[in-house]
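As structure tokens, the structure follows; a few thoughts come after it.
The values are calculated or read from the model by the stated rules, or taken from the named source; none is laboratory data. Since we're looking at a predicted model, the values are computed, not measured. FYI the Cβ positions are ideal-geometry reconstructions off the backbone, even for glycines, and counts take in every protein chain you see. Surface accessibility is based on the protein's heavy atoms, side chains included, excluding ligands, DNA and RNA. Shrake-Rupley method; radii C 1.70, N 1.55, O 1.52, S 1.80 Å.
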Amino acid sequence: MTATTAGPTGSAPASPLIALSGLSKTYGGAVALDDVGLDLWPGEVHALMGENGAGKSTLIRVLAGVTPADRIRVRLQGRAVPLSSPADAAAIGLRFVHQELNIVPHLSVAENIHLGRPAPRRLGFAVDWPRLNAQAAAALARFGVSGIDPATPAGRLGMGDRMMIRLAALLAEADTPARAFVLDEPTAALTHAESARLFAVIDGLRRDGAAILYVSHRMDEVMALSDRVTVLRDGRLAMTAPRGGFDRAGLIAAMTGRAEMAAPARTAAAPGAVLAQAEGLATDTLRDLSFTLHAGEVLGVAGLENAGQSALLRLFLGEGRLRAGSLRLASGARPRSPAQAWARGIAFVPRERRREGVMPGRSITANTVLPHLAALAGPPGLARPRAEVRMAARLAGALRLKFRRLDQPVGSLSGGNQQKVLFARAMAGDPRLLLLDDPTRGVDVGARADIHAAIRARVAAGGAVLLTSTDLAELLALSDRILILRDGSQVGLVPALGLDAAGLLALIYGMAGRAGAA
Amino acid sequence: MIWLRRYGTLAGLAAIVLFFSVMLPETFLTLRNLGNIGQQVSMLAVVAFAMTVVMVMGDFDLSVGAMASLSGVVAAVLFVHGWPVPLALAAALAVGVIGGILNGVLVAVVGILPFVATLGTLTMFGGAASLVSDGRTIFGRDIPEAFSGFAKGTVPGLGLPALTAVALAVLALVWVLLEQTTWGRRLYAIGGNAEAARLAGVRVIRLRIQAFALTGLGAAAAGLMYAARVASANPTQGNGLMLDAIAAVFLGMTMNEEGAPRVLATLVGVLILAVLDNGLTQMSVDSYVREILVGAIILAAVGMAGLGGLARR
């Protein structure tokens, strides 16, 4: 991470840039926010943390003027201002980057940056393309981004570049000065390298005197970036403290209301029977992988984004084609389709929850039991609704799912709880092999602990796990061994015991000298 | 608002029935007229029930009307060639299954959007119907009594028109398939998120082909019912069924909170269209005005359901 630890620079301002106080919001009797206050100082990164459902999203929606608060006082540099519409938010100088990036994939980078504003023109009507592109390039250059051609369609870019486009677009909005940026889980879909670039940009904005509200579940980022942290719990202010006034354990306690759950000490258990064996495995994207996977083992798969982690997991799910080598499973040949994989006790939690995971309009039960319908069914393919509900209820309990009714649509659950439903789906058949593709992405601390507990329980029961994660700490905490990929090639297979994040990162980047220290 | 969303369509049906019983006290709520409605509606009902199967997956089948016409003329031409009735009917139904499989392969394997794929097969089936029949209407002595007599018959002991009985049987079959089997559960899963369903072990391609085949079979059955009822077959007589069937499914979808098609809800949609048609005809409302009214009612129902969704946000 490149972020420096510099606090507010220059002469210390006398009053916060934006001060919220007495913010309350109820949804039909349910209290979402209760008397919350938040100060944003210029030249400061202010982290906002809290479990899913703690009120972060509501707070952001209120700030954006999308959801009117029941009660709120807003002061801009000491002066009372209204905040009840998106126009008010824009006038205050607030700018938002949401988790789901709003870019138009077919339009060029430059057009996306100018979206919603008149483009420079020639003869009063024709778009002045050279000037449009030059302006976009200038906006990107402010971030030290030079590798993006403003004329390429934005849809061809990676998530990190899209984030840069979005930020450039926010800065380019000329109507009101951009004073404060609200970044909602900006690194959820970014690689380490892309995150590092974003942190550099955030640092630049901070030095220019902007206030940044940084919403994240990632403890490492918050510890590295923030000058101040505010924690919400159950709609109330649980804690707000400047740098130096908080630590990891304190934040977790503030978020969960309980002390940090000590991770059970991992011991190097004797490996069980060989469950899968890869020898000289190669596909279109993977090259020369050789490893064994044992029962009762978590094999972590690490690497930069698109180093082949997902492709490797998908291979076990019956997708992709082998070019060379072999992949043998104890249960027989490699499955040829996801349907066959599930039938053979291989379960999968996908990376993209919304696109590949949940059926948002269908019930918790329907989402949970989908791969297990055949196992639950009566003789001529008749479904057995009561057995389905029993299965869903059992797993919802085991994973501590927060829900109202099992027949409520999954789309109405918080992100972390949707992820738990996907876990329930994977766990329901007591799978022999669990394929987890970044399973706690965008999931809060409490839900993460529940998911980790479920993974450990499965391993203790003799299951094997193939795990990828963009969170290195998670990878280290859960894995027995870690397979390191670079551009689809295997560059290492190391025991996780005794390895720390810095050591693992060094292996991923290929800095052999530092890896020796691990 | 939620009440309106859930039961508004059902209340609408009740209101329409009430309106016509007041306006037509002598003729509307009579056993004879109800039997009439039951018979008139049975072809549309079968197509709409079959259409529900693909719409559960979020797909469409625009070719059902053309398929109904095609199966009618196929049976009639085979009658002309002296085929026995059961064999000719089986062949016509097989044409429906094959056409449905073609639709399913185009959508699920080739990956053409259902709207475009079935628009293409609609044209093909229509052309095939004209080709098979030489563009003529087949009627009179060419249609065997054993075939057309069925449509005039009733279920012994119940007085239920035979065509209505067929529609009810199809309703029961589709209801069991969609609501009571794992097959139906998987179909709804595909409608919920096809990629997620595939990754969760649902054989999406196979199921989609099966579903389209079933819809094709339903369309062919409806075509045969139509041909039996009018004791003739021409290459365009089923074409009108398609839009009404889709409208009926949409009307039904307004009754469901998640907006998923349910076959019993489709039945309500079918009944609304049938009662409107019957009542307005009896009131001698001009048929063009009738079309405008029916279209407006569909838009009002779907629009109101949309507003309900808006209010919940």
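Modelled with pLDDT under 95 and facing another protein chain (nearest Cβ under 9 Å): does that describe A:Pro350? Yes; evaluated as a whole, the condition is true for this residue.
Within the range A:436-457, being open to solvent by 30 Å² or more (accessible area, probe 1.4 Å) and at pLDDT 90 or above holds for A:Ala453, A:Arg456, A:Ala457. Screening the range B:10-107 for helices (runs of 4 or more DSSP H) wholly inside it with 2 or more residues that are of a type outside the set (A, V, I, L, M) and open to solvent by 10 Å² or more (accessible area, probe 1.4 Å) returns the ranges B:31-56.
Screening B:Leu168 against (1) more than 8 Å from chain A (Cβ to nearest Cβ); (2) open to solvent by less than 20 Å² (accessible area, probe 1.4 Å) leaves a single unmet condition, (2). The single condition from (1) over 23 Å from the mean Cα position of the chain (by Cα); (2) buried (at least 18 other Cβ atoms within 10 Å of the Cβ); (3) touching a residue at least 24 places away in the same chain (Cβ under 8 Å); (4) within 11 Å of chain B (Cβ to nearest Cβ) that A:Pro409 fails is (1). Out of the residues in the range A:378-388 that are assigned to a helix (DSSP H, G or I) and surrounded by fewer than 18 Cβ atoms within 10 Å (Cβ to Cβ), which is nearest to the other protein chains (Cβ to nearest Cβ)? Filtering first and then ranking leaves A:Pro385.
Considering only residues of the range B:193-220 that are assigned to a helix (DSSP H, G or I), β-branched (Val, Ile, Thr) and within 10 Å of chain A (Cβ to nearest Cβ), which is surrounded by the most Cβ atoms within 10 Å (Cβ to Cβ)? Break it down stepwise before answering.
Residues of the range B:193-220 assigned to a helix (DSSP H, G or I): B:194-199, B:204-220.
Those still in the list that are β-branched (Val, Ile, Thr) too: B:204-205, B:209, B:215.
Imposing the further condition that a residue be within 10 Å of chain A (Cβ to nearest Cβ) reduces the set to B:204-205.
Values: B:Val204: 22, B:Ile205: 15.
Step by step, filter the range B:193-220, then rank; the result is B:Val204.
Inclusion of A:Ala426 among residues that are crowded, with 24+ Cβ neighbours inside 10 Å and either among the aromatic types (Phe, Trp, Tyr) or touching a residue at least 40 places away in the same chain (Cβ under 8 Å) (or both) is warranted. Restricting attention to the range B:221-243, the residues that are assigned to a helix (DSSP H, G or I) and either open to solvent by 50 Å² or more (accessible area, probe 1.4 Å) or farther than 24 Å from B:Ala146 by Cβ (or both) total 6. The lone criterion from (1) among the hydrophobic types (A, V, I, L, M, F, W, C); (2) open to solvent by 10 Å² or more (accessible area, probe 1.4 Å); (3) facing chain B (nearest Cβ under 8 Å) left unmet by A:Ala375 is number (3).
Of the listed requirements (1) over 23 Å from A:Thr470 (Cβ atoms); (2) without any contact (Cβ under 8 Å) to a residue 12 or more places away in the chain; (3) within 14 Å of another protein chain (Cβ to nearest Cβ), A:Pro360 misses just one: (2).
For the range A:222-270, filtering for residues that are open to solvent by less than 20 Å² (accessible area, probe 1.4 Å), within 25 Å of A:Ala453 (Cα to Cα), modelled with pLDDT of 85 or more and under 18 Å from the mean Cα position of the chain (by Cα) leaves 1. Scanning the range B:167-182 for residues being in contact with a strand residue (DSSP E or B) (Cβ under 9 Å, 6 or more places away or on another chain) and aliphatic (A, V, I, L, M) gives a total of 2. All conditions in (1) in a helix (DSSP H, G or I); (2) at the interface with another protein chain (Cβ under 8 Å from one of its Cβ atoms); (3) over 19 Å from the mean Cα position of the chain (by Cα) hold for B:Ile190, with the sole exception of (2).
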